[in-house]
Every structure is written in C-alpha cells, then in structure tokens.
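In what follows, a structure is listed as structure tokens, so that the remarks can point back to it.
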Amino acid sequence: VLRREFTEGDDVKAGERLYKIDPAPYIAALNNARAALAKAQANVTTQNALVGRYKVLVAANAVSKQDYDNAVAALGQAQADVAAGKASVETAQINLGYTDVISPITGRSGRSQVTPGAYVQASQATLLTTV
C-alpha cells in the first residue's frame with residue numbers, strides 16, 4: 001500500500017479511491033505484454049510477406065507446395081500470437097487498474113486495517129477497510 005486516501009470515519013462516495021497500491025510491477029507487466037504484442041505484430045508482417053512471395057512461386061513451381069503450406073501455417077500461428085498478445089495487454093491493463101482500490105458504494109468509512117507500506121494481495125483474508 002502506497003497511501004491511504006481517506007480519513008477513517010469520514011463519508012466516502014462510490015468511485016472514490018480509498019487506497020493506492022504500488023503499480024510498479026503491474027506497469028512492468030503491461031510494458032512486457034505490449035512488447036510481446038509488438039513482436040507478434042512484426043512477425044505477422046514478415047509471415048504475410050513470405051506467404052505472398054510463396055504464392056507466386058508455388059504457381060510457377062519455383063517453391064514446393066509444402067513450403068507454401070508451412071508459410072501459411074506460420075502466418076496463422078503469428079496471427080494467433082497477436083490475438084494472445086492483445087489478451088495479455090488487456091489482462092495487464094485490468095490488473096494495473098486494481099492498484100486503485102475504489103469504494104464500491106457511498107457510505108461512512110470504517111477503520112483502516114492496513115497502513116502505508118503494508119503488503120497486500122488479492123487472496124488475503126484481511127480487509128483493507130469497510131464502508
């Protein structure tokens with residue numbers, strides 16, 4: 001927990017940030033996912049060009065049908081890698097969003113169960129606070 005952004009016992013509104021959790025590891029994961037996506041997109045470009053070249057060459061019997069089929073399959077795999085990369089970016093963005101602990105409802109805040117510097121994780125049983 002980087003900081004608590006409410007005063008215990010005060011009223012809070014729905015959507016108000018209560019805590020800020022250190023986003024650094026989530027930013028790094030998002031950057032990693034974006035880089036993997038960029039790499040996959042570049043690979044699609046390369047594979048697409050190869051399929052285009054092989055399509056002409058296979059018609060002239062200058063390259064084997066098997067090589068052409070392999071290029072088409074590699075393009076399909078590269079396109080699937082792009083889809084997986086987009087999903088990874090979306091997951092990383094969702095996880096980064098969880099670093100802002102938001103009040104789900106309007107109400108009075110209870111006592112904070114954690115202090116800045118405390119280690120928290122999604123599966124822990126300790127509540128941060130109640131509203």
Across the Cα atoms of segment 39-115, what radius of gyration and what greatest pairwise Cα-Cα distance (Dmax) are found, in Å?
24.0, 77
Rounded to two decimals, what is Rg over Rh for segment 80-131 when you use alpha-carbon atoms and the Kirkwood radius?
1.14
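First compute the accessible area of the chain with a 1.4 Å probe, then give the percent of it belonging to carbon and sulfur atoms. Could the numbers behind the result be given before it?
On the way: 4560 of 8440 Å².
With neighbouring chains kept in place, the figure for the chain is 54 percent.
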Aspartates and glutamates whose Cα lies under 20 Å from that of Lys20, excluding same-chain neighbours fewer than 8 positions away
Glu5, Glu8, Asp10, Asp11, Asp100
Excluding residues on the same chain fewer than 8 positions from Lys55, give the lysines whose Cα lies under 16 Å from its Cα.
Lys65
For the chain, the convex hull over Cα atoms projects on average to an area in nm² of 10.2
Once phi for every residue in segment 120-131 is put through the Karplus expression 6.51 cos²θ - 1.76 cosθ + 1.60 (θ = phi - 60°), the whole-Hz ³J(HN,Hα) values, with Gly and Pro written as x, are 10, 8, 4, 8, 6, 8, 6, 6, 7, 6, 10, 10
Quick one: which residues, 5+ away or cross-chain, put their amide H under 5 Å from the amide H of Val12? H built at 1.01 Å from N.
Gly107, Arg108, Ser109
Label-point separation in nm, Ala24 to Gln124, each point 7 Å along Cα→Cβ:
1.7
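Provide the per residue accessible area, probe 1.4 Å, for segment 31-131, rounded to a whole number of square angstrom. List each step's numbers first, then the result.
Numbers: 6700 Å² over 101 residues.
With the other protein chains kept in place, segment 31-131 gives 66 Å² per residue.
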What number, rounded to the nearest 500 deg cm²/dmol, is the helix-based mean residue ellipticity at 222 nm of the chain, given -39500 (n - 2.57) per DSSP H run of at least four residues and division by all its residues?
-19500 deg cm²/dmol
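The values are calculated or read from the model by the stated rules, or taken from the named source; none is laboratory data. All of these numbers come straight from a predicted model, not from anything done at the bench. Note that each Cβ is placed from the backbone with ideal geometry, even for glycine, and that neighbours are counted across all protein chains shown. All accessible areas refer to the heavy atoms of the entire protein, side chains included, with ligands and DNA or RNA removed. Shrake-Rupley method; radii C 1.70, N 1.55, O 1.52, S 1.80 Å.
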